[in-house]
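Participant: Here it is: the structure, laid out below.
What follows is calculated from the coordinates using simple rules that are stated; it is not laboratory data. For clarity, every value in this text was computed on a predicted model and none was experimentally measured. A quick note on method: Cβ atoms are made from the backbone with ideal geometry, for glycine too, and the neighbour counts reach across all protein chains shown.
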Amino acid sequence: MNNSINAGFISLASYLPAKKLPAEFLNKLVNFLQEKTSFPKEYIEQIKESKKLPGYIETNEEGWINQPWYETWVERMSEKKQKDPFQGTKERLRVPMDPESVKTSLYPHPMLPSDAETLAAAMAICNSDINPDDIDLVLAHSQVPDRPLPQNVSLIQHKLGLKNAGAYSVDSCCSSFVTMTELASSLVMSGLKKNVLVVSSFLDTHVTDKTDYFSVNTGDAAVAGIISSVTEGYGYISSHSLSHGSRHDGIIYERRMPALMKRIDSGPDFAQTFTTFGNPAANKEIAANAASDLKFVVDKSLEKANLNVNDIDFLATHQPVAWVGKVWREAIGLPEEKHHETFEKYGNIATCAAIVNLIESVELGLIKKDHKVILASSGAGENHISVIMKMSEQLVTNIIENNTI
């Protein structure tokens, strides 16, 4: 590896449905989408008119409490779960319906994941000074792809009009964005690539069984960033990863009917692919080892960088359930003020969570220039990774100027 090249993010962006945008950035984004991409015109019009990103905020009342099946849903829970059916969440974000399917289908579907990814990537490009023609690789992970084969990554490249970029798909489930951060940094530091666009999404709306207890935890989002050479001393510092494949079947996608389903033979069964807890034993093992598994990869990344936890200014993590963020932080040994999560607002947004929490922490002034940040995540499969990076002034400034909470 060519150690004379330092690599790191020069831009980061998140597509969070219904998020307001600063006027100057909104105009820049709309112009880029119209002139450079094949992003659906209906979504662009929604952005122009509302001055927000497409989609809406779903509250507990709208999604569950006001539904006619709500009482049955609660009654199926254990007594302990009935006391807190929403598990710390108050709302979550949802993408809009796909405009083409609304016009042409009896059963329209939500926004295509590739469109969400294209929007997040367009925001990251507009959030930088880079010429799109200079992007030479797209790394992407679609936790819910448009279709199983092929994956979305080359479609993202096409929709963005990136004529000089190759496209690779990367999957370590919820930890995929952090995994791609490690890979992209390595490719830039080695000199093999110059500008790598990293993109990921989780559109839970496509795979959620709202009558399942876990469904209140999850929402929609997409994130993107550009990794390039950066000033010496900034960007990527170290990383470490570990997997436990024995827990592979803990959390799976399974085609089935909803948990609450009373049907007649002549009616539709409404079976579809839903997020499902497949193996109870594996899930108990995942929960029991949550703290030690993430601490292990964080400790190894600190060791590789010749750092200790007192050298770390901030921790940005995944947020699969309400309790785990605090458990991870305490296991690593960081105080409360060095960690921020958004579970109450967004729930589990899977592969997008760690980077959304990092971006929001910059916007809130919790992460600043020169801060050493740990970006860490678990992922079904089961995978764990930690990346340590040093924040540059360029990245902090770009996030603050082009995003609003």
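Participant: Can you list residues whose amide H is under 5 Å from Leu192's amide H, if they're 5+ apart or on another chain and H is modeled 1.01 Å from N?
Facilitator: Answer set, sorted by chain and number: none.
Participant: Suppose every Lys and Arg Cβ carries +1 and every Asp and Glu Cβ carries -1, with no other charges. What dipole size does the chain come out with about its Cα centre, to the nearest 20 debye?
Facilitator: Numbers: 39 positive and 50 negative charges, 26 e Å.
Once rounded to the nearest 20, the dipole reads 120 debye.
Participant: Which three lengths, in whole Å and largest first, does region 85-230 cover when its Cα atoms are put on their principal axes?
Facilitator: 50, 37, 28
Participant: Right, next: Give me the distance in nm between label points sitting 7 Å out from Cα along the Cα-to-Cβ direction at Asn27 and Glu344, one decimal.
Facilitator: That separation, rounded to one decimal, is 3.6 nm.
Participant: In what sequence do Leu139, Leu93, Leu242 fall when counting other Cβ within 10 Å, fewest first?
Facilitator: Working: Leu139 27, Leu93 23, Leu242 14.
Listed from fewest to most nearby Cβ atoms, that is Leu242, Leu93, Leu139.
Participant: Looking at region 302-405, which chymotrypsin sites (Phe, Trp or Tyr not before Pro) are DSSP coil and have at most 15 other C-beta atoms within 10 Å of their C-beta?
Facilitator: When the chymotrypsin sites (Phe, Trp or Tyr not before Pro) of region 302-405 are filtered for loop state and at most 15 Cβ neighbours within 10 Å, Trp323 remain.
Participant: If we sort 97-109, 243-255 on the protection proxy, mean other Cβ atoms within 10 Å, highest first, what's the order?
Facilitator: My ranking of the peptides, most packed first, is 243-255, 97-109.
Participant: Another question, if that's okay. Net charge within 14 Å of Val188 by Cβ-Cβ distance, Lys/Arg positive one each and Asp/Glu negative one each, not counting Val188 itself? Don't skip to the answer; put the middle values down first.
Facilitator: Numbers: positive: Lys193, Lys194; negative: Asp134, Asp136, Glu182, Glu232.
Local net charge: -2.
Participant: Helix-derived [θ] at 222 nm for the chain: sum -39500 (n - 2.57) over DSSP H runs of at least 4, divide by residue count, nearest 500?
Facilitator: -9500 deg cm²/dmol
Participant: About the Cα centre of region 241-357, how large is the charge dipole given +1 on each Lys and Arg Cβ and -1 on each Asp and Glu Cβ? Please answer in debye to the nearest 20.
Facilitator: For this selection, approximately 360 debye.
Participant: Whole-Hz ³J(HN,Hα) for each residue in region 255-261, computed from phi via Karplus 6.51 cos²θ - 1.76 cosθ + 1.60 with θ = phi - 60°, x for glycine and proline: what do you get?
Facilitator: Taking θ as phi minus 60°, the curve returns 7, 7, 7, x, 4, 9, 8 Hz for region 255-261.
Participant: What list of ³J(HN,Hα) values in whole Hz, one per residue of region 55-72 in order, does the Karplus curve 6.51 cos²θ - 1.76 cosθ + 1.60 (θ = phi - 60°) give from phi, with Gly and Pro shown as x?
Facilitator: Along region 55-72, the couplings run x, 8, 9, 9, 8, 4, 5, 5, x, 9, 4, 8, 7, x, 8, 4, 5, 5 Hz.
Participant: Still on this structure, I have one more. Would you list, by chain and number, the lysines whose Cα falls below 29 Å from the Cα of Lys194, excluding same-chain residues fewer than 8 positions away?
Facilitator: Straight-line reach from Lys194, under 29 Å: Lys28, Lys36, Lys159, Lys163, Lys300, Lys304, Lys368, Lys369, Lys372, Lys390.
Participant: Also, I was wondering about something else. Distance from the Cα centre of region 195-224 to that of region 74-96, in angstrom?
Facilitator: Cα centres, region 195-224 to region 74-96: 17 Å.
Participant: Apply the Karplus parameterisation 6.51 cos²θ - 1.76 cosθ + 1.60, with θ equal to phi minus 60°, to every residue of region 228-238 and state each ³J(HN,Hα) to the nearest whole Hz, in sequence, with x for glycine and proline.
Facilitator: 9, 5, 10, 4, 3, x, 10, x, 4, 10, 6
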